[in-house]
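Shown next, in structure tokens, is the structure this report addresses.
The values are calculated or read from the model by the stated rules, or taken from the named source; none is laboratory data. These numbers were taken from a predicted model, which means no experiment stands behind them. Quick reminder, even Gly has a Cβ in these numbers, built from the backbone with ideal geometry, and neighbours come from all protein chains shown. The accessibility values were calculated without ligands, DNA or RNA, using every heavy atom of the protein model including side chains. Shrake-Rupley method; radii C 1.70, N 1.55, O 1.52, S 1.80 Å.
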Amino acid sequence: MNGERRSAKVVVAGGFGTGKTTFVGAVSEIPPLTTEERLTAAGVGVDDLTGLDEKGTTTVALDFGRITVSPEVVLYLFGTPGQDRFWFVWDELAQGAIGAVVLADTRRLDSSFPAVDYFERRKVPFVVAVNRFFGECRYSADEIRAAMELPPEVPLTFCDARERESARDALVRLVRHALSTVVT
Amino acid sequence: MTDDSWDGGDETEADLVPLYVLVNGRTAPRNTDLDLATQVIALPGAHVRLEPVYRQLVDLCADWISVAEIGAHLHRPLTLTKVMVDVLVEQGVLGLGAPAQDTGDDRDLLLAVLAGLERL
Ligand SMILES: Nc1nc2c(ncn2[C@@H]2O[C@H](COP(=O)(O)OP(=O)(O)OP(=O)(O)O)[C@@H](O)[C@H]2O)c(=O)[nH]1
Ligand SMILES: [Mg+2]
């Protein structure tokens, strides 16, 4: 059965502590929820529903929020796990996503490089949102672009992840960018 | 592009995979379109007897809800949640919305999302 109800996904990525969870919480209509994926070394199995042995497994927590954009469409915002080594989980989040917001903190821009690389390689539309932790940003957009080696077509914006409007604006930027990449 | 697979940079933990869980004889959802954002709803009239864990899941689906939300509310890992949803869909207890990765009308979806965000 294919109902009328559709979902859309946006990935909120970036380095450790760049404000991903804060961003999701700022725009979500529900308090952010956490779901988890349990990972294990390849080939190790468990044979029943309750026998989820903790041994040898790693739990990856994913924060997410929701915005009902119309009676038919719900948008989910998924924050990537803090560590960037769980690529399997990134793949699951990026699959079918309309795009990604990569948060960056100017004190350690390099922590967001893996996210930029990832979405570039996967050809997932993304915008970089520089989270203003201390009000004014000391660097210009051009300086940040150069430091991050951002291709010219990738939008760069500044935001305060704690503010709903600001986070919303970054999402609008992303969706417009994604629209510009859709072939008609 | 020479390499289509992401090697995870310098990390050596690329062998981590979702915990494989066997539920009703299956270890992964048969419906591979099942995404963590896929919308799920309980279908009316399907009153089969369900084990308590399944009953709990179905009770969450009185209105449309995503796989990820079900997992969060039940405190169950995503892979397991997907397999359980999959089993219930096959039994006709749950219905699914359009998959998130349905790219047929990308533009319409993006426009709907844009309009919704601008209304916030
Ligand atoms: N001043 C200021 N603080 C912020 C801002 N955004 C986030 N913070 C704070 O920075 C800290 C980290 O934010 P989180 O939202 O937890 O960051 P995260 O990216 O989810 O972190 P991990 O999941 O651990 O990688 C928290 O204490 C936030 O309150 C901002 O725009 N300005
Ligand atoms: Mg976080």
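Scanning segment B:75-95 for residues that are closer than 18 Å to B:Trp64 by Cβ and in a loop (DSSP other than H, G, I, E, B) returns B:Gly92, B:Val93.
Looking at the structure I just gave you, is A:Val102 assigned to a loop (DSSP other than H, G, I, E, B), closer than 17 Å to A:Lys9 by Cβ and in contact with a helix residue (DSSP H, G or I) (Cβ under 9 Å, 6 or more places away or on another chain)? So A:Val102 fails the test. Taking segment A:107-118 as the range and being within 16 Å of ligand 1 (Cβ to nearest atom) and either open to solvent by 40 Å² or more (accessible area, probe 1.4 Å) or among the aromatic types (Phe, Trp, Tyr) (or both) as the test, the residues that pass are A:Arg107, A:Arg108, A:Asp110, A:Phe113, A:Tyr118.
In segment A:6-45, which residues are away from ligand 1 (no atom under 16 Å from the Cβ) and modelled with pLDDT of 90 or more?
Taking segment A:6-45 first, the residues away from ligand 1 (no atom under 16 Å from the Cβ) are A:6-9, A:29-30, A:38-45.
Listed by number, the residues that qualify are A:Arg6, A:Ser7, A:Ala8, A:Lys9, A:Glu29, A:Ile30.
Conditions tested, residue by residue: (1) aliphatic (A, V, I, L, M); (2) open to solvent by 70 Å² or more (accessible area, probe 1.4 Å).
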| site | (1), (2) |
| --- | --- |
| A:Trp87 | no, no |
| A:Ala104 | yes, no |
| A:Phe133 | no, yes |
| A:Cys137 | no, no |
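Within segment B:37-62, the residues that satisfy the criterion of being closer than 19 Å to A:Arg6 by Cα, over 10 Å from the mean Cα position of the chain (by Cα) and at the interface with chain A (Cβ under 10 Å from one of its Cβ atoms) are B:Ile41, B:Leu43.
Scan segment A:131-148 residue by residue and report those that are free of Cβ contacts under 8 Å to residues at least 12 places away in the same chain and of a type outside the set (Lys, Arg).
Initial filter on segment A:131-148 (free of Cβ contacts under 8 Å to residues at least 12 places away in the same chain): A:134-136, A:140, A:142-143, A:145-146.
Residues satisfying the conditions are A:Phe134, A:Gly135, A:Glu136, A:Ser140, A:Asp142, A:Glu143, A:Ala146.
Does segment A:156-169 contain at least one residue that is over 23 Å from B:Glu118 (Cβ atoms) and without any contact (Cβ under 8 Å) to a residue 40 or more places away in the chain? No, segment A:156-169 contains no residue that is over 23 Å from B:Glu118 (Cβ atoms) and without any contact (Cβ under 8 Å) to a residue 40 or more places away in the chain. In this entry, A:Val154 passes the filter for residues that are within 25 Å of B:Leu111 (Cα to Cα), part of a loop (DSSP other than H, G, I, E, B) and away from chain B (no Cβ under 14 Å). Here A:Asp84 meets each of (1) touching a helix residue (DSSP H, G or I) at 6+ places or on another chain (Cβ under 7 Å); (2) more than 7 Å from every other protein chain (Cβ to nearest Cβ); (3) at pLDDT 90 or above with one exception, condition (3). Restricted to segment A:139-184, and to residues there that are modelled with pLDDT under 90 and not polar (S, T, N, Q), the residue that is least open to solvent (accessible area, probe 1.4 Å) is A:Val182.
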